[in-house]
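The values are calculated or read from the model by the stated rules, or taken from the named source; none is laboratory data. Worth saying up front: this structure is predicted, and the values here are computed from it rather than measured. Methodologically, a virtual Cβ is constructed for each residue, glycine included, from the backbone with ideal geometry; neighbour enumeration extends over all protein chains shown. We work out accessible area using only protein heavy atoms, side chains counted, and drop any ligands, DNA or RNA first. Shrake-Rupley method; radii C 1.70, N 1.55, O 1.52, S 1.80 Å.
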Amino acid sequence: MLGVSVAIRGVDEEIEYAARSGAKVLITGESGVGKEVVARLIHARGARHSAALVPINCAGIPDSLLESELFGHVKGSFTDAHRDKVGLLERAHGGTVFMDEIGEMSLRMQALLLRFLESGEIQRVGSDRHVPSLDVRVIAATHRRLINLVAEKSFREDLYYRLNVIHIEVPPLRDRREDIVILLNHFFAGFAETYAMPRPEVSREAMKLLTDYHWPGNVRELRNVAERLILRCVTGRVEIDALSREIVLDGSSNRAQTPTAKAAEIAASPLLFERIVRGGESFWSVAYEPFIARDLTRKDIRDLVRLGLEHTRGNYKLLVTTFNMAPEDYKKFLNFLRKYQCHVPFQGFRMMSSPLPDPPEYIASA
Ligand SMILES: Nc1ncnc2c1ncn2[C@@H]1O[C@H](COP(=O)(O)OP(=O)(O)OP(=O)(O)O)[C@@H](O)[C@H]1O
Ligand SMILES: [Mg+2]
């Protein structure tokens, strides 16, 4: 899961935890936050990774067809049923089914799904026989607050509790702005390759507007913006005038309200962190040298150390290797941080998130 924010690192831990068990997972979050990415990672990191992940978009299929899509049908069961058809659940046997937009499912389909979840059995449309018990992991997602649908009786409460064994909420992009630069960079790299265009540089002012923007369409919107910028940007540099009106107006109105908003400052640290931890470059070349040359500030270094300590949960020794330095550089690293007052106390990070416990019994057997 790409991103350095505490929020997204938390999501990543929950993915690990969910991948270790076979329990049902409910993924929620606004449109475009990455719910499908989460579902795919849970499947890919889990024991079923070599079997299929079968996605179903419950909102995209009319109710009349959804039943036969999910459960299959036998020849002649309705006008267009010219031959027997295996349903998606059967195809996912041994693997995972990803039921997207579960909140849009009709009450009738909810009842059928519940029956399957309780028994593992399915009945093809038009058949009176049950297909022998299937072994399918169910991961569901929705952009809705399912509990509200339960309150207004358009979503079954019993189904809600069946699906909601592990709940992963993916936060909106505006609540994890540290990830914007990294994701933008990631999408630039991808689209630059796709379109054989240069990877553009973004001016400081334009980047500030991009990080201030409230991103209602979340990561998907950011991806679209990156694609458009690559195609528009023939000069290889993104200035403010390349940005859409919403982004420019939203950014400047934010600034007017919070002139010194800390979150709005463009941070170098996430990108440095990304280059070191994912790119495999060393702290000495990526951070130390530019700092000595005065291209980076004390704050940049402190923020980078903070991100690192979040990653190692306050462990400085581990930070040395995480930042691709030799273990014997430990003293040199600490001396450097102290000398330039970039040392960050580790204690706060020890408490931040304790390791997740083993899944309780009820999850393992669900
Ligand atoms: N952390 C991430 N790293 C890389 N790409 C991401 C990340 N999160 C989302 N994306 C990309 O953003 C786009 C939207 O993600 P996804 O389809 O998973 O969102 P969603 O929450 O399922 O959206 P919707 O509710 O609209 O179905 C996809 O192109 C996905 O690859
Ligand atoms: Mg989706």
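Would you mind working out the accessible area per residue for the chain, using a 1.4 Å probe, and quoting it in Å²? Please report the intermediate quantities before stating the final value.
On the way: 18680 Å² over 366 residues.
In whole numbers, the chain has 51 Å² accessible per residue.
Suppose we keep just the DSSP beta bridges with both residues in the chain; what percent of those would be antiparallel, to 5?
15 percent
Ordered by residue, what ³J(HN,Hα) values in Hz, to whole numbers, does region 197-210 give under the Karplus form 6.51 cos²θ - 1.76 cosθ + 1.60, where θ = phi - 60° and Gly and Pro are x?
Rounded to whole hertz, the list is 10, x, 7, x, 9, 10, 5, 4, 5, 5, 5, 5, 5, 5.
Of all accessible surface on region 8-140 at a 1.4 Å probe, what whole percent is carbon and sulfur?
Looking at region 8-140 in its full context, I get 49 percent from C and S.
Tally up the carbon and sulfur contribution to the accessible surface of region 269-352 as a whole percent, 1.4 Å probe, everything protein left in place.
52 percent
Suppose R0 equals 56 Å; then what is the FRET efficiency for Ile292 and Ala47 from their Cβ-Cβ distance, rounded to the nearest 0.05?
That gives a FRET efficiency of 0.70.
Pull out the extension gain between Tyr161 and Leu107, defined as 0.36 nm times the separation in residues minus the alpha carbon to alpha carbon distance; nm, one decimal. Please report the intermediate quantities before stating the final value.
Working: separation 54, 0.36 × 54 = 19.44 nm, distance 1.53 nm.
Stretched out fully, the Tyr161 to Leu107 stretch lengthens by 17.9 nm.
For Lys317, which lysines qualify as cross-link partners when the Cα separation must be under 22 Å and same-chain residues fewer than eight apart are set aside?
Within reach: Lys299, Lys331, Lys332, Lys339.
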